[in-house]
Amino acid sequence: MSGKKEARKTMLQNNGWTFMYGDLLEAKSSAYDDSAWYHIGIPHSFGIPYFMENNFYVGYGCYRKTIDIKTEWIGKRLSLEFQGVFQEVEIYLNETLAGVHKGGYTAFTIDISELVVAGKNQLFVRVNNKWNPRLAPRAGEHVFNGGIYRDVNLIVTGEICVSWYGTFIRTPKVSDQMADLHVTIEVENHTFVKTKCTIKNQVMYEEKIVCEFTDEVMLLPDCISKFEKVENIPNPNLWHPDEPSLYILKTLIFDGNQIYDTYTTEFGIRWFEFTAHEGFFLNGKHLDILGANVHQDHAGWSDAVTHAGIYRDVKMIKDCGMNFIRGSHYPHHTVFASECDRQGILFWSELCFWGIGGCQGDGYWNSSAYPVNEEDEKEFEESCVTMLQEMIRTNRNHPSIVVWSMSNEVFFSNARVLDKARSLIKKLVSVSHDCDPTRPAASGGAQREGFDLLGDLAGYNGDGASLYINPGFPSFVSEYGSKIAERPGEYASYYTDGVEQNFAWRSGKALWCGFHHGSIADRMGYMGFIDYYRLPLGSWYWYRKELLGIEPPEFARAGIPYALSLTTDRTEIKTDGTEDAQIIIMALDNNGVRVSNTMPVTLEIIAGGAVFPTGRSIVLSPEKGSFLDGMGAIELRALYAGEIKIMATANGLQGSELILNAIGEEMWNGQIIQYQQKPPCVFVPQINGERTNIARNKPVFCSSYHKGHEPSMLNNENADTFWRAGRESDNEWICIDLEGIKEISEIIITFESIGHETEISASVNGTEYSILDKLSIVAMNKKLTLEPGKEKYRYIKVRYTELPMDIGEIEIY
């Protein structure tokens, strides 16, 4: 079939951008001189170079690019697709506002059909990452750098075309012998006449057609038509983490020899079920889910991660034997789900309705998860609904995705708006069912305030695994571990509080967390079993041995360093922003064996059009956490094609060189790359002066508890509840985990009964405790106040060396 009209084109627009900090609206003019701006590629972040600092630049950043439009495209449908911009954006083309988008984690398109001209077109993008009380997330334990941090595409179609992400493929009934295939296709007709056409669909597996169906349809003028089709696939190849089989649906829209559009959709055939009493089933067979939470940011580049970086992240989780990733705590790049599809990882995709412990007044990402001011509620709820719809639409065909999650720990909201937060979760669950009835709508991090009762699946973080034993509905340990460590770390698991036990009713469990990440909370980002530079800690090797039987390598020991070595995961990289190379540096002795000695190491690009996040050179050092245990790593990107030569040097050691090849259209001919410098300033949030009980609803662990007096009652700010030990014996204890190292000025403990020999202690790491106070006798209803002198601790423990007593509340400020 030969088409009279050219079908769909999708072209990356990641190259050729300039960027500058500040609100520079005047730069939308085609005559504006941006010669002093930085030369950057997409993906890009305001924060580059970013290395896990608690504070970051908050404000505006502006981007410019020239787009070439071919004469034959005039009169077609043209749109710009942004896979992710954090978090509010205005797009101008040829000095005219083309569109806006609010929400930092979901893809969107802007129609530019009426604004383009043949030849050069000036694109100007104005972005801000200011905290917005009416936009999710209002809070979260992460970093919120702004920028166009995911891919940009130019999409060209005819007047008749499949809608953006306009196919939806379901497989509601599946067996080894037959699969029912339900296909929905949305087709746009931008003409003003009825149009008769043919829709032909081909289902392909390993490039062979296994099913084909064709329909003659009538498209109504200037509207979107939806077509449903049910077909059968005999002897399907089922998608499974062990065998991630994938199909392609190729959709053609044509009339005679005139092709209007071609559209391909990758999908998998499988069915699954979360059950209340028997756990998780995939394709009719029980499957134990074990995985990790994953944040998206990488060392130096922050959230601006390439497809190659995403591939490495998924592969590292897969390579240690895990079969699951929870996308913490926001919609990830659509490529992330694609990699889970291809590598065989179950994926929990989550909305960015999100809370953080110790939430304070409005103004920063440590605010109440749900708005505290009534005038903000309507727009905030609308933002949650819109982003949920966008997340589901752009990811609904991925077989790896088995959960849509509405939230994470939104019980960290102001107490007076908790009812409204719960109502919003119910609304979001309903929206999720409307958008996709084939997947459960989960309430993530739901271990307090009844949030676990609101969805189809409850995700329990922290102490939730021990609090909710066989709850009677589908449940999942969505976070456990939370151990702060740096490389090399211990060769041990991160299991806590009995999580390692496998119960038939528990669907699965996910480690907190997979990778170190940026955070607004001090040291909270150092909980990964892989570090920020994508090098494993000892615990990663423990899981690999436990799950796959692979013995750990011989761990490095101190020695006499003699030379450096340079290696990379790939020797060729594209210049289009989809690929990078991970450069690994090691210190070796004179026998070529890695030693654990630490030292500053300098990496320099001595030839070629490539950059590190810091520019043409970077220093890795133990002080920065980038060269530890005799080893370091960093990702490198190419802006121009040609040979790249990298040199590594360290004082007194033999250096090393590495050569890569960059593939792309524009060759490097010695051009000066005016690359981005550190942001001009960072935003430091101001303390609002309110006393904030940072212990409220934080995880609580204990030696035992009496039913009806669970440990979670210790810090729920409810005067009618209290914790009671489950045994009347010596050495009973209870401990609050603040989930991060905090500067503590005051601790208030309310005792509910008479007790003897009580010890209050505090710890940074959960193993070594300092005694804050000892009491020989405690009176009933006594309130004890301790002032540790603004010392920094993470854990506060009360232990009884004699018979235990009841404790009503522990407050920590």
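The values are calculated or read from the model by the stated rules, or taken from the named source; none is laboratory data. Please read all numbers here as calculations on a predicted model, not as lab measurements. Every residue, glycine among them, receives a Cβ derived from its backbone with ideal geometry; neighbour counts consider all protein chains shown. When the accessible area is computed, the model is the full protein with side chains, heavy atoms only, and any ligands, DNA or RNA have been set aside. Shrake-Rupley method; radii C 1.70, N 1.55, O 1.52, S 1.80 Å.
Right, Leu252: touching a Gly at 6+ places or on another chain (Cβ under 7 Å), closer than 20 Å to Val183 by Cα and of a type in the set (A, V, I, L, M, F, W, C) or not?
Here the answer is no, as Leu252 does not meet what is asked.
Looking at the range 522-553 only, could you name the residues that are outside any loop (DSSP other than H, G, I, E, B) and touching a helix residue (DSSP H, G or I) at 6+ places or on another chain (Cβ under 9 Å)?
Of everything in the range 522-553, those that are outside any loop (DSSP other than H, G, I, E, B) and touching a helix residue (DSSP H, G or I) at 6+ places or on another chain (Cβ under 9 Å) turn out to be Ile530, Pro536, Trp540, Arg544, Leu548.
Under the condition of being assigned to a strand (DSSP E or B) and open to solvent by less than 10 Å² (accessible area, probe 1.4 Å), which residue from the range 70-94 is farthest from Pro133 (Cα to Cα)?
Step by step, filter the range 70-94, then rank; the result is Leu78.
Given the structure, is Gly472 open to solvent by 20 Å² or more (accessible area, probe 1.4 Å), more than 16 Å from Trp348 (Cβ to Cβ) and assigned to a loop (DSSP other than H, G, I, E, B)?
When the stated conditions are applied, Gly472 passes them.
Report whether or not Ser753 is free of Cβ contacts under 8 Å to residues at least 60 places away in the same chain and either on the phi > 0 side of the Ramachandran plot or out of contact with any strand residue (DSSP E or B) (no Cβ under 8 Å at 6 or more places or on another chain) (or both).
Answer is yes for this residue.
So Tyr491 clears everything in (1) part of a loop (DSSP other than H, G, I, E, B); (2) open to solvent by less than 20 Å² (accessible area, probe 1.4 Å); (3) modelled with pLDDT of 95 or more; (4) farther than 28 Å from Gly47 by Cα except one condition, right? Which one?
(2)
Which of the residues belonging to the range 238-253 are surrounded by fewer than 19 Cβ atoms within 10 Å (Cβ to Cβ) and over 27 Å from the mean Cα position of the chain (by Cα)?
Lys250 - this is the single residue of the range 238-253 that is surrounded by fewer than 19 Cβ atoms within 10 Å (Cβ to Cβ) and over 27 Å from the mean Cα position of the chain (by Cα).
I'd like to verify a number: residues in the range 111-146 that are of a type outside the set (A, V, I, L, M), farther than 29 Å from Glu375 by Cβ and either at pLDDT below 95 or crowded, with 23+ Cβ neighbours inside 10 Å (or both), how many?
Total satisfying the criteria: 1.
Have a look at Ser704, Ser621, Ser656 and point out the one that is more than 29 Å from Thr18 (Cα to Cα), among the hydroxyl-bearing types (Ser, Thr, Tyr), out of contact with any strand residue (DSSP E or B) (no Cβ under 6 Å at 6 or more places or on another chain) and open to solvent by less than 60 Å² (accessible area, probe 1.4 Å).
Result: Ser704 is the single residue among Ser704, Ser621, Ser656 that is more than 29 Å from Thr18 (Cα to Cα), among the hydroxyl-bearing types (Ser, Thr, Tyr), out of contact with any strand residue (DSSP E or B) (no Cβ under 6 Å at 6 or more places or on another chain) and open to solvent by less than 60 Å² (accessible area, probe 1.4 Å).
Among the numbered criteria (1) in contact with a helix residue (DSSP H, G or I) (Cβ under 8 Å, 6 or more places away or on another chain); (2) in a helix (DSSP H, G or I); (3) open to solvent by 60 Å² or more (accessible area, probe 1.4 Å); (4) of a type in the set (D, E, K, R), which one does Lys426 miss?
(1)
Which of the following residues is free of Cβ contacts under 8 Å to residues at least 24 places away in the same chain and either of a type in the set (D, E, K, R) or closer than 30 Å to Ile694 by Cβ (or both): Glu572, Glu551?
Testing whether each residue is free of Cβ contacts under 8 Å to residues at least 24 places away in the same chain and either of a type in the set (D, E, K, R) or closer than 30 Å to Ile694 by Cβ (or both) leaves just Glu551.
Looking at Asn395, Asn408 in this structure, which one is in contact with a His (Cβ under 6 Å, 6 or more places away or on another chain), at pLDDT 95 or above, buried (at least 20 other Cβ atoms within 10 Å of the Cβ) and closer than 20 Å to Pro137 by Cβ?
Asn408
Any idea which residue in the range 683-714 is nearest to Ser413 (Cα to Cα), counting only those that are hydrophobic (A, V, I, L, M, F, W, C), modelled with pLDDT under 80 and in a loop (DSSP other than H, G, I, E, B)?
Ile687
Residue check: is Ala337 touching a residue at least 40 places away in the same chain (Cβ under 8 Å), under 30 Å from Thr171 (Cβ atoms) and either buried (at least 24 other Cβ atoms within 10 Å of the Cβ) or among the hydrophobic types (A, V, I, L, M, F, W, C) (or both)?
It is true that Ala337 is touching a residue at least 40 places away in the same chain (Cβ under 8 Å), under 30 Å from Thr171 (Cβ atoms) and either buried (at least 24 other Cβ atoms within 10 Å of the Cβ) or among the hydrophobic types (A, V, I, L, M, F, W, C) (or both).
Would you be able to tell me the number of residues in the range 267-285 that are out of contact with any strand residue (DSSP E or B) (no Cβ under 6 Å at 6 or more places or on another chain) and open to solvent by 30 Å² or more (accessible area, probe 1.4 Å)?
Number of matching residues: 4.
Is there any pair with a first residue in the range 342-366 that is of a type in the set (D, E, K, R) and a second that is open to solvent by 10 Å² or more (accessible area, probe 1.4 Å) whose Cβ atoms are under 8 Å apart and which are 6 or more apart or on different chains, and what are they?
So the pair list comes out as Arg342/Pro244; Arg342/Leu246; Asp362/Pro133; Asp362/Val372; Asp362/Asn373.
Checking Gly321 against (1) crowded, with 20+ Cβ neighbours inside 10 Å; (2) small (Gly, Ala, Ser); (3) touching an Asp or Glu at 6+ places or on another chain (Cβ under 9 Å), only one condition comes out false. Which one?
It fails just one condition, (1).
Any idea which residue in the range 723-743 is modelled with the highest pLDDT, counting only those that are assigned to a loop (DSSP other than H, G, I, E, B) and surrounded by fewer than 20 Cβ atoms within 10 Å (Cβ to Cβ)?
Top of the filtered list is Gly726.
Return the residue satisfying two criteria in turn: it lies in the range 501-530 and is more than 15 Å from Glu479 (Cβ to Cβ) and more than 21 Å from the chain's Cα centre (by Cα), and of such residues it is least open to solvent (accessible area, probe 1.4 Å).
Trp505
Can you find even one residue in the range 42-50 that is of a type outside the set (S, T, N, Q), outside any loop (DSSP other than H, G, I, E, B) and either under 30 Å from Met391 (Cα atoms) or at pLDDT 95 or above (or both)?
Scanning the range 42-50 turns up at least one residue that is of a type outside the set (S, T, N, Q), outside any loop (DSSP other than H, G, I, E, B) and either under 30 Å from Met391 (Cα atoms) or at pLDDT 95 or above (or both).
Of the numbered conditions (1) in a helix (DSSP H, G or I); (2) of a type outside the set (Lys, Arg); (3) within 30 Å of Pro236 (Cβ to Cβ); (4) touching a Lys or Arg at 6+ places or on another chain (Cβ under 7 Å), Met391 satisfies every one except a single condition; which is it?
(4)
Restricting the search to the range 441-453, which residues are open to solvent by less than 20 Å² (accessible area, probe 1.4 Å) and in a loop (DSSP other than H, G, I, E, B)?
Gly445, Ala446, Gln447, Arg448, listed by residue number.
Select, from Thr598, Thr578, the only residue that is within 30 Å of Asn669 (Cα to Cα), polar (S, T, N, Q) and either touching a residue at least 60 places away in the same chain (Cβ under 8 Å) or surrounded by 16 or more Cβ atoms within 10 Å (Cβ to Cβ) (or both).
Exactly one residue qualifies, and that residue is Thr578.
How many of the residues making up the range 163-177 are over 17 Å from Pro437 (Cα atoms) and either open to solvent by 60 Å² or more (accessible area, probe 1.4 Å) or at pLDDT below 95 (or both)?
4
Pick from the range 556-575 the residues that are assigned to a loop (DSSP other than H, G, I, E, B) and either of a type in the set (S, T, N, Q) or at pLDDT below 95 (or both): which of them is surrounded by the fewest Cβ atoms within 10 Å (Cβ to Cβ)?
It comes out as Thr571.
Residues in the range 183-202: is at least one assigned to a loop (DSSP other than H, G, I, E, B), aromatic (Phe, Trp, Tyr) and surrounded by fewer than 16 Cβ atoms within 10 Å (Cβ to Cβ)?
Scanning the range 183-202 turns up at least one residue that is assigned to a loop (DSSP other than H, G, I, E, B), aromatic (Phe, Trp, Tyr) and surrounded by fewer than 16 Cβ atoms within 10 Å (Cβ to Cβ).
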